[in-house]
Every structure is written in C-alpha cells, then in structure tokens.
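The block underneath contains the structure these notes are about, expressed in structure tokens.
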Amino acid sequence: MAQLSHITVQMLPVYPGEHVAISGPLSILRFAEPDIPDIAHLQHQTTAVYLDRDEDVQPYRALMDRLCVLAGSPAQTIIYLNMEAYAKLNLG
C-alpha cells in the first residue's frame, strides 16, 4: 500500500524528549475535488472526531506538516519496514 501514488507512509522515530504534542492517531483526509474540504480525523480510545471546518482543521494541518518534517522520508520508511519484516521472518 505504501507504494501507491496517492498514499504517503512516513514513520516518525521516537526519541526521548522529542514530542510534538500529538495525543493519538491523526489523519488528514484530502480530496481531489476542490469543493470537498479537508477533514481531520482524530482517533481517541473510545471514539473518533471528524473536523471539517477550515479553522478547526488548520492546527492539525500544521501539526501534520511538523510531523512530516521530523519523520523519515517515504523511501527510508519503506526500507525500514522491509528490514523489520525480514528480521521478524528470520527470527521467528
């Protein structure tokens, strides 16, 4: 799935002290149709929230931009995930 042109997968390394103030899973849904607004999807332990007003989505766009800068590139992420999968297969 990470090799599909409309999907970007980046992995964020976890370093002690490196926090970007994210409290759970976050997705930004962007659509090709200009009339459909971006949607921020926030997953919580027992519920989910969907935000579609631009003023509500904008802080999450900024957070996602920051996460993308801190994360490994899509190519680095695929290499890392392949290495982890190979190690799991070989170590049982």
* Would you list the strands (runs of 3 or more DSSP E) that sit entirely within the stretch 6-92 and hold 1 or more residues that are at pLDDT below 90 and in contact with a helix residue (DSSP H, G or I) (Cβ under 9 Å, 6 or more places away or on another chain)? => 26-29
* Does residue 32 satisfy the criteria of being within 21 Å of residue 5 (Cβ to Cβ) and in contact with a Ser or Thr (Cβ under 9 Å, 6 or more places away or on another chain)? -> no
* Asked: Which one is surrounded by the fewest Cβ atoms within 10 Å (Cβ to Cβ) among residues in the stretch 50-66 that are within 12 Å of the chain's Cα centre (by Cα) and of a type outside the set (A, V, I, L, M)?
  -> 65
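The values are calculated or read from the model by the stated rules, or taken from the named source; none is laboratory data. In this text the structure is predicted, and so the values were computed from the model without any measurement. All Cβ positions, even for glycine, are placed from backbone atoms using ideal geometry, and neighbour counts span all protein chains on display.
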